[in-house]
Amino acid sequence: TGAPGSGQETTNGIVAAVINLDGSPAVGALVRLRSSEYVTPLPIPAKTALAMADTLTDSLGRFEILGIDSGNYHIEVNDGKSAVLFTCTLGTHDTVDLGTDTLHSHGSLAGSIDTLQIATYIQVRGLERLVMVDSDRKFVIDDLPQGLFDLRVNLAGGQSSEITNIA
């Protein structure tokens, strides 16, 4: 299979399995693969665009994504109530087996922006998350898997700032 845009044949891929807290397979969970540098495009896309899946887990809670270019990736598996976040690096002709992990309850990230400029949006790198900052300069990002995140703060006038390693 050829990776999108590469023009070269590749066998790069990612395989993993996901289980629920009770040990049963997480069947039909959304699996989203994004570059670790990915940010949701502005302006805010339609909600249906954020809900689209790259793939779904199968009847055993497994997923496989093939034909991926080399790079660093975040893979979010989310069943609507709980989630898990995988991160990995693919080299040339790699197939990475991430093993098995467990879905855990969603978390939220709340904060405020202390700046003279009004921040417009907060984005989570590597995930489909984009929220507006309210008039009090506060924000809440819901439905997050557990993990460390890098945020991008988009300021008025097209400027942006990065905040790294937020738990």
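Per residue, how much accessible area does region 71-167 show when a 1.4 Å probe rolls over the protein heavy atoms, in square angstrom? Write down the numbers at each step before the final one.
Details: 5020 Å² over 97 residues.
Value returned for region 71-167: 52 Å² of accessible area per residue.
Starting from the Cα gyration tensor of region 111-167, multiply each eigenvalue by 5, take the square root, and state the resulting semi-axes largest first in whole Å.
Numbers: eigenvalues 71, 28, 19 Å².
Ellipsoid half-lengths, sorted descending, are 19, 12, 10 Å.
Mind checking Rg over Rh on region 54-124, alpha carbons, Kirkwood formula for Rh?
1.08
Roughly speaking, what is the stretch gain from Ser36 to His104, that is 0.36 nm per residue apart minus the C-alpha to C-alpha distance, in nm to one decimal? Write out the running numbers ahead of the final one.
On the way: separation 68, 0.36 × 68 = 24.48 nm, distance 2.11 nm.
Computed gain between Ser36 and His104 is 22.4 nm.
What FRET efficiency comes out for the pair Asp143/Thr87, r = Cβ-Cβ distance, R0 = 22 Å, nearest 0.05?
Values: r = 18 Å, r/R0 = 0.82.
E between Asp143 and Thr87, to the nearest 0.05, is 0.75.
Put Thr115, Thr57 in order of accessible area, largest first, 1.4 Å probe: what do you get? Intermediate results must be reported in sequence, preceding the final value.
Numbers: Thr115 35, Thr57 10 Å².
Result, largest first: Thr115, Thr57.
Output wanted: per-residue J couplings in Hz (rounded whole) for region 16-25, from phi through Karplus 6.51 cos²θ - 1.76 cosθ + 1.60, θ = phi - 60°, x for Gly and Pro.
Working through the residues one at a time gives 6, 9, 10, 10, 7, 4, 7, x, 7, x Hz.
Tell me, what HN-Hα J-couplings in whole Hz come from the Karplus equation 6.51 cos²θ - 1.76 cosθ + 1.60 at θ = phi - 60° for each residue of region 97-103, using x for Gly and Pro?
9, 7, x, 10, 9, 10, 5
Efficiency by 1/(1 + (r/R0)^6): what FRET value for Leu66 and Ala156, r their Cβ-Cβ distance, R0 = 25 Å, to the nearest 0.05?
Numbers: r = 42 Å, r/R0 = 1.67.
In this case the efficiency is close to 0.05.
The values are calculated or read from the model by the stated rules, or taken from the named source; none is laboratory data. Keep in mind that what you see is a predicted model, and the values were worked out from it rather than measured. Don't worry about glycine lacking a Cβ; one is built from the backbone with ideal geometry, like all the others, and counts go over all protein chains shown. Just the protein is used for accessible areas: all its heavy atoms, side chains included, with ligands, DNA and RNA removed. Shrake-Rupley method; radii C 1.70, N 1.55, O 1.52, S 1.80 Å.
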